[in-house]
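Report on the structure given below.
The values are calculated or read from the model by the stated rules, or taken from the named source; none is laboratory data. As the structure is a computational prediction, the values presented were derived from the model and not from experiment. Neighbour counts run over all protein chains shown; Cβ positions are idealised from the backbone, glycine included.
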Amino acid sequence: MARPLGESHKRFLQTMMVNGIIDGAKARALHRHCCETHGAHYAHDKLDEFIDVINAQLQPMFMQIRKGMSEEDGLQYHALVNMAETDVTRMSTDYADNELELFRKTMDLIVDSDNGTASSTDILNCADSLQTKKLKKRETEHVLNRLVQDKWLNEKNGDYSLSTRCIMEMEQYIRMLYQDQVKVCHICHNVALQILQRKD
């Protein structure tokens, strides 16, 4: 039987539920804060074990706090992910059908690209060909801003990439859907979309 959650675990989980994803330094600081606030034993090198206790309780709900590496900054992150569904439908409660279709098309553009990004121009152009309901330019920009705000996409200088949260939560879906196109990091074995091309 799984160990019950203490107050420190509950506070950590609540913070993860609010933020969705936090970097490794913040996760370590949060671990310390939660343990000290609730008088629980704190050991700086026991974050993984602390999270394992939470994950044991989350497993029946098909949720997990997962650790992954960001392609953007190379930092380690912890994200609260949904394990029950393996595709974009997990976002369906927050987005309309045409917005989800735009996200799928954006994923296609990103995975098909050589550098793991899609330009805003290419995304705006594909918004005209949605099967569900076409989006106007302003609506498309609004959806893209929401996807960035909700941490599904990253945006830099008009180019969009899949966020660390998105890759961590949808890794199985990405591997299944894009099995011939997706690359895997030889070190961490995670999906790698922003590959640096070697110049010989």
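Some observations on this one:
- When restricted to residues that are surrounded by 13 or more Cβ atoms within 10 Å (Cβ to Cβ) and out of contact with any helix residue (DSSP H, G or I) (no Cβ under 8 Å at 6 or more places or on another chain), the range 109-118 contains 3.
- The listed residue being farther than 28 Å from Ser161 by Cα, charged (D, E, K, R) and without any contact (Cβ under 8 Å) to a residue 40 or more places away in the chain, out of Arg11, Arg28: Arg11
- Checking Gln172 against (1) part of a helix (DSSP H, G or I); (2) at pLDDT 90 or above; (3) closer than 20 Å to Ser113 by Cα, the condition it does not meet: (2)
- Summed over the range 125-138, the residues that are surrounded by fewer than 16 Cβ atoms within 10 Å (Cβ to Cβ), assigned to a helix (DSSP H, G or I) and not basic (Lys, Arg) give a count of 3.
- Residue in the range 87-96 that is surrounded by 15 or more Cβ atoms within 10 Å (Cβ to Cβ), assigned to a helix (DSSP H, G or I) and aromatic (Phe, Trp, Tyr) present: no
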